[in-house]
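Participant: Submitted below is the structure of interest, expressed as structure tokens.
The values are calculated or read from the model by the stated rules, or taken from the named source; none is laboratory data. None of these values were measured; they are calculated from a predicted model. Here the Cβ positions follow ideal geometry from the backbone for every residue, glycine too, while neighbour counts run over all protein chains shown. Surface accessibility is based on the protein's heavy atoms, side chains included, excluding ligands, DNA and RNA. Shrake-Rupley method; radii C 1.70, N 1.55, O 1.52, S 1.80 Å.
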Amino acid sequence: MAERAPDGWTAAEQALWQAFRHGRTLDLRAGEAEADDPFGGAVWDARRTVRAEVLSRLLLDGPAPVPGRVASLKLTGALVTGPLRLAGGTIGHYVELHDCRFDQKILMSEAEAGTVRFINCLVPRLEASRLVTSGDLHLARCRIPQGVRLTDARIGTDLLLNQAVLGGDRFGRALSADGIAVNQDCEADRLASDGEVSLRTARIGGRLSLRGAQLHAVPGNRNALNAVRLTVGHTLYLSGSADGGWYGSQTYYGSGYGEVPPAGSPSTPFRAFGQVRLSDGRFENACLLSDAEFHLDEGNEVTLRRIQTPELRFTCRFPSGGTVSLSRARIGNLVDAPGSWPRGGTIGLTGFTYECLRPAVPFPVQERIAWLEGAAVEFQPESYEQLAAALRRDGADDDAREVLHAKQRRRRQTLPLPSRVWGRVQDATVGYGYRPGRAALWLLFAWALGSLYFATHALQPLKADERPHWNPVLYALGQLLPVVDLGQGGWNPGGASQWVSAGLVVVGWVLATTVAAGASRMLQRG
């Protein structure tokens, strides 16, 4: 291979040729922050200009390295003119560009590469569908006004989009990465997008982090994040990002990790201005929607249908304006807060199952019942049964009975008028069997009324020649507890007294069995 750059190359391009052979960085910056800002308005002259075809030549058919060196393309502060055409090619060299401007798009579809890093660069558009890398793909702090296409790409290690600013394509998509596979982590902390971030059927081997991201839907595409059938090998973070770790962040790859900010320091929440779709997702460690804001228009929703994860954390700063759907989701631990959930029939809980409740802040059972009753307009008995079962597993038997009592009350509203009337009687007297104390009070009240009645209405004995001792208090109690012999069986009630005795027997059977069931539950807990 030639040791000199081809004829006709500019001084900057010849310097890049030599830097490539030596594996060194060619820095074309002027040394002034305003003049070197790739997103500013400063004009970069020919001394800082490199043609895209020169980069293509170096990457696809570059010169041999200087003996003892590894050839690599490292360029900082350059204006790259023309489209960078690498589609279908094999890039065998390390690539890293910092603070560069591209005046036309980068084409890398179906290319094969090692590690490719664009840091703090201005790129009109990146076309990289079916790109295969054995190492990282970094786009940290880049601005890409017409969006990124990574459909069906295969990233060997990490994909970094931290602090990137993405605009939308003609379909309203800022990031098209359907079917992408990332072997390790995908980080998009503090990503700002004007258009849909699409990760449908994506497979992330490690973490998927969108901490502090600001995602905006655009007219014609109401999705801010579309990640249906997403698989994450560790944790999905739709959460806040501590500001202390990002102020002035100029870390080498833009990841924003520096000193750990103190607890309670200001943070930027994850914000989605549009629909969020995570249906059918699989998150092997956890799905964290914490310190998040969902700004939804009417008819839009946060869709978590049929997701599966050992832990779902839903601790948003305030309720979303639209719907949150968890229908047929399967969760281990549900970590939530009362103020995070929307109300008024805008939570979908049909078939939602969870093992344990671990509220982040106190979540009283009455508020938990209101959470259920705010879930849907129609009565869904399985939601109450699921909540009661979770409370029992945590040993909260009293709260579980409270939930089942609320279930009967909610069910009563769906019944015909006669059944609703009877249901109100049951509720008032025995609380549908979940208020044994109330039944005991009614039992005492019936005993007092019966005793008063029989104290003024003495009965005739069964046998005229016998005169047993008359005790109206014991007689009334014997009618209420017919299985107990109190020595008052020798009397023969008639007329109104017969009806009163029969009424006491019926009331006694109903109330006494309720009290006995409650006592049995207390003994079992003991």
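Participant: Confirm whether Ala439 is at pLDDT below 70 and either among the hydrophobic types (A, V, I, L, M, F, W, C) or not in a helix (DSSP H, G or I) (or both).
Facilitator: Yes, satisfied.
Participant: Could you list all residues from region 370-384 that are closer than 22 Å to Gly322 by Cβ, in a loop (DSSP other than H, G, I, E, B), in contact with a Ser or Thr (Cβ under 9 Å, 6 or more places away or on another chain) and in contact (Cβ under 8 Å) with a residue 24 or more places away in the chain?
Facilitator: Matches in region 370-384: Gly374, Ala375, Ala376, Gln380.
Participant: If I filter region 154-171 down to residues being assigned to a loop (DSSP other than H, G, I, E, B) and under 24 Å from Arg101 (Cβ atoms), which single residue comes out as farthest from the chain's Cα centre (by Cα)?
Facilitator: Arg170
Participant: What's the number of the only condition in (1) touching an Asp or Glu at 6+ places or on another chain (Cβ under 9 Å); (2) in a loop (DSSP other than H, G, I, E, B); (3) open to solvent by less than 10 Å² (accessible area, probe 1.4 Å) that Ala174 fails to meet?
Facilitator: Of everything listed in (1) touching an Asp or Glu at 6+ places or on another chain (Cβ under 9 Å); (2) in a loop (DSSP other than H, G, I, E, B); (3) open to solvent by less than 10 Å² (accessible area, probe 1.4 Å), Ala174 misses just condition (2).
Participant: Out of all the residues in region 287-326, which are crowded, with 18+ Cβ neighbours inside 10 Å and either at positive phi or among the hydroxyl-bearing types (Ser, Thr, Tyr) (or both)?
Facilitator: Matches in region 287-326: Ser290, Asp291, Thr303, Arg306, Thr309, Thr315, Ser320, Thr323, Ser325.
Participant: A further question on this structure: Are there any pairs with C-beta distances below 6 angstrom linking a residue in region 120-136 that is more than 23 Å from Pro38 (Cβ to Cβ) to a residue that is of a type in the set (Asp, Glu) and in a strand (DSSP E or B), with the two at least 6 apart or on different chains, and if so which?
Facilitator: Filtered contacts from region 120-136: Val132/Glu112.
Participant: Right, another one. Of the residues Glu378, Glu367, Glu355, Glu382, which is charged (D, E, K, R) and either within 18 Å of the chain's Cα centre (by Cα) or at pLDDT 90 or above (or both)? Reasoning before the result, please.
Facilitator: Details: Glu378 fails: either within 18 Å of the chain's Cα centre (by Cα) or at pLDDT 90 or above (or both); Glu367 fails: either within 18 Å of the chain's Cα centre (by Cα) or at pLDDT 90 or above (or both); Glu382 fails: either within 18 Å of the chain's Cα centre (by Cα) or at pLDDT 90 or above (or both).
Of the residues listed, the single one that is charged (D, E, K, R) and either within 18 Å of the chain's Cα centre (by Cα) or at pLDDT 90 or above (or both) is Glu355.
Participant: Residue check, Lys407 against (1) crowded, with 21+ Cβ neighbours inside 10 Å; (2) charged (D, E, K, R); (3) touching an Asp or Glu at 6+ places or on another chain (Cβ under 7 Å), all met but one. Which one?
Facilitator: It fails just one condition, (3).
Participant: Answer with yes or no whether Gly220 is under 22 Å from Asp178 (Cα atoms) and at pLDDT 95 or above.
Facilitator: Values: under 22 Å from Asp178 (Cα atoms): yes; at pLDDT 95 or above: no.
Criteria not met by Gly220.
Participant: Which residues, taken from region 157-171, are of a type outside the set (Gly, Ala, Ser) and open to solvent by less than 10 Å² (accessible area, probe 1.4 Å)?
Facilitator: Answer for region 157-171, where residues must be of a type outside the set (Gly, Ala, Ser) and open to solvent by less than 10 Å² (accessible area, probe 1.4 Å): Leu159, Leu161, Asn162, Leu166.
Participant: When you go through Arg420, Arg467 one by one, which is the residue that is open to solvent by 80 Å² or more (accessible area, probe 1.4 Å), modelled with pLDDT under 75, of a type in the set (D, E, K, R) and in contact with a helix residue (DSSP H, G or I) (Cβ under 6 Å, 6 or more places away or on another chain)?
Facilitator: Result of the check over Arg420, Arg467: Arg420.
Participant: Looking at region 66-97 only, could you name the residues that are in a loop (DSSP other than H, G, I, E, B), at negative phi, in contact with a Lys or Arg (Cβ under 7 Å, 6 or more places away or on another chain) and surrounded by 16 or more Cβ atoms within 10 Å (Cβ to Cβ)?
Facilitator: The answer is Ala71, Ala78, Pro83.
Participant: Follow-up. Any idea how many residues of region 38-59 are out of contact with any Lys or Arg (no Cβ under 9 Å at 6 or more places or on another chain) and not charged (D, E, K, R)?
Facilitator: Number of matching residues: 11.
Participant: Looking for something closer than 20 Å to Glu378 by Cβ, of a type in the set (Gly, Ala, Ser) and crowded, with 18+ Cβ neighbours inside 10 Å - is there at least one such residue anywhere in region 334-347?
Facilitator: No, region 334-347 has no match at all.
Participant: Then there's this: Quick check on my filter: what residues within region 188-200 are in a strand (DSSP E or B), more than 17 Å from the chain's Cα centre (by Cα) and either of a type in the set (A, V, I, L, M) or surrounded by 21 or more Cβ atoms within 10 Å (Cβ to Cβ) (or both)?
Facilitator: Residues satisfying the conditions are Ala192, Ser193, Glu196.
Participant: Would you be able to tell me the number of residues in region 43-77 that are of a type in the set (A, V, I, L, M, F, W, C), under 18 Å from Asn120 (Cα atoms) and more than 43 Å from the chain's Cα centre (by Cα)?
Facilitator: So the answer is 3.
Participant: Which of the following residues is touching a residue at least 24 places away in the same chain (Cβ under 8 Å) and closer than 14 Å to Asp103 by Cβ: Ala64, Ala46, Ala71? Spell out the reasoning first.
Facilitator: Values: Ala64 fails: closer than 14 Å to Asp103 by Cβ; Ala71 fails: closer than 14 Å to Asp103 by Cβ.
Answer to the selection: Ala46.
Participant: While we're looking at this one, here's another question. Return the residue satisfying two criteria in turn: it lies in region 201-227 and is of a type in the set (Val, Ile, Thr) and surrounded by fewer than 24 Cβ atoms within 10 Å (Cβ to Cβ), and of such residues it is farthest from Leu278 (Cα to Cα).
Facilitator: From region 201-227, those of a type in the set (Val, Ile, Thr) are 201, 204, 218; that's our starting set.
The next check asks that each one be surrounded by fewer than 24 Cβ atoms within 10 Å (Cβ to Cβ); those that pass are 201, 218.
Numbers: Thr201: 10, Val218: 19 Å.
Step by step, filter region 201-227, then rank; the result is Val218.
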